[in-house]
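Coordinate-derived values only; no laboratory data. Keep in mind that what you see is a predicted model, and the values were worked out from it rather than measured. Positions of Cβ are backbone-derived with ideal geometry, glycine not excepted, and every protein chain shown enters the neighbour counts.
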Amino acid sequence: MTIQITRSGDFIQLDEHLERIRRLAADLENLKKGQDPDPAVIEGSPHIHQWVLDTRPVPCLRGYIQGHPDVRAGRMAVTSDLWVWAPDHGYARTLSRWYRLGAQGNAFEGSGRR
């Protein structure tokens, strides 16, 4: 899920994403309080069978980092999940923090892909 902010300042699907995040946050708060989901909610939820735990790629940024609390200055790094991408405004927001965007790099430089 990445919310893009266009050059004109329009948000693409922001309201839908905000509502989804609010519902997730409310569910997590209830779990923290020791409240399992209502059985009727679980009963009415989609059923998944023959499931396995898996992973999938998510949008992120890769580049040379400066000023990060955990990454040595000038080191190539990959961010956490990209949530807001506003290149025309010079910033991005990942799951962890805001980033100030510098010059855009080559998509394949340093990625291991050829």
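Quick notes
- Restricting attention to segment 1-40, the residues that are hydrophobic (A, V, I, L, M, F, W, C) and closer than 16 Å to A92 by Cα total 6.
- Test: residue in segment 15-38 that is of a type in the set (V, I, T), without any contact (Cβ under 8 Å) to a residue 12 or more places away in the chain, closer than 27 Å to I5 by Cα and out of contact with any Cys (no Cβ under 7 Å at 6 or more places or on another chain): yes
- Close pairs (6 angstrom Cβ cut-off, 6 or more residues apart or separate chains): without any contact (Cβ under 8 Å) to a residue 60 or more places away in the chain and within 12 Å of T94 (Cβ to Cβ) in segment 53-69, of a type in the set (S, T, Y) and surrounded by 14 or more Cβ atoms within 10 Å (Cβ to Cβ) anywhere: P59/T2; C60/T79; L61/T79
- Inclusion of I3 among residues that are touching a helix residue (DSSP H, G or I) at 6+ places or on another chain (Cβ under 6 Å) and either of a type in the set (A, V, I, L, M, F, W, C) or free of Cβ contacts under 8 Å to residues at least 12 places away in the same chain (or both) is warranted.
- Within segment 76-104, the residues that satisfy the criterion of being small (G, A, S) and closer than 20 Å to P57 by Cα are A77, S80, A92, S96.
- Residue within segment 7-20 that is under 24 Å from A107 (Cα atoms), in a loop (DSSP other than H, G, I, E, B) and in contact with a Pro (Cβ under 6 Å, 6 or more places away or on another chain) present: no
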